[in-house]
Amino acid sequence: LQDPAQSGMVVVTLAEEMPTAETEELIPVLTRDLGLPLARLVINQVLPPLFANRLAEAEKAAAVLGRASALEPVAHAGAWRARREDLQRTMIERLAKLPGQKVILPALSVERMRRSEVEALAKGLGAL
């Protein structure tokens, strides 16, 4: 198990606070303490950017939308998404500091996996 030519650990995580913290603790234990090679770090369910690092602008827009009671749910959803993207970006930056090759897989919002979704994941995993 300790020969990187024969095997390697694939760690899968999410770009969220708790999974990122757990991954930051796990990888040194696997590699340093147990001597196991890390083959890949897979960051799963990454949302595509809608606000592209414009959290403040998105929150201002949500505040304006929220003034109209009929649009309050849209404003709340937009503000949540912008905060989620900001958190995701921060977690990916933290995960990037860990050793090993990173693979980022997209979040798929589908009820049923179709060929196109499976192909998107396979493309992301092609590096394995």
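Using only the C-alpha atoms, the convex hull of the chain corresponds to 123 Å³ per residue. Placing +1 on the Cβ of every Lys and Arg and -1 on the Cβ of every Asp and Glu, with nothing else charged, gives the chain a dipole about its Cα centre of roughly 420 debye. Taking the longest Cα principal axis of the chain as reference, the axis of helix 17-28 is set at about 10 degrees. Longest stretch of the chain clear of exposed loop sites (GluC sites (Glu not before Pro), DSSP loop, at most 16 other Cβ atoms within 10 Å, sites excluded): 17-110.
Taking all protein chains into account, the per residue accessible area for the chain stands at 66 Å² (1.4 Å probe).
Normalised by residue count, the stretch 20-83 yields a Cα convex hull volume of 104 Å³ per residue.
Computed with the Debye formula from one identical point scatterer per Cα of the stretch 56-128, without solvent, the log10 of I(q)/I(0) at q = 0.22, 0.27 Å⁻¹ comes to -0.95, -1.09.
Among VAL118, LEU34, GLN101, which residue has its Cα furthest toward the positive end of the charge dipole of the stretch 21-128, with +1 on Lys/Arg Cβ and -1 on Asp/Glu Cβ? Comparing the listed Cα positions along the dipole, VAL118 ranks first. What number comes out for the charge environment of LEU125, summing +1 per Lys or Arg and -1 per Asp or Glu over other residues with Cβ under 14 Å away? Within the 14 Å Cβ shell, the charges total +1. Taking trypsin sites (Lys or Arg not before Pro) across the stretch 63-99, the ones in a DSSP loop with at most 12 further Cβ atoms lying within 10 angstrom of their Cβ are ARG67, LYS97.
Within the accessible surface of the chain, defined with a 1.4 Å probe on protein heavy atoms only, the carbon and sulfur portion equals 58 percent.
Of the residues SER109, SER7, ranked by 1.4 Å probe accessible area with the largest first, the sequence reads SER109, SER7. Under a cut-off of 16 Å between alpha-carbon atoms, report the aspartates and glutamates in cross-link reach of LYS60, not counting same-chain residues fewer than 8 places apart. Cross-link targets: GLU72, GLU85, ASP86.
Around LEU47, with a cut-off of 12 angstrom between Cβ atoms, what is the net charge of the other residues, counting Lys and Arg +1 and Asp and Glu -1?
Cβ neighbours under 12 Å give a net charge of +1.
The values are calculated or read from the model by the stated rules, or taken from the named source; none is laboratory data. None of the values given here were measured: they were computed from a predicted structure. Counting neighbours? That spans all protein chains shown, and the Cβs are built from the backbone with ideal geometry, glycine included. To get the accessible areas, we keep the full protein, side chains included, count just its heavy atoms, and leave off ligands, DNA and RNA. Shrake-Rupley method; radii C 1.70, N 1.55, O 1.52, S 1.80 Å.
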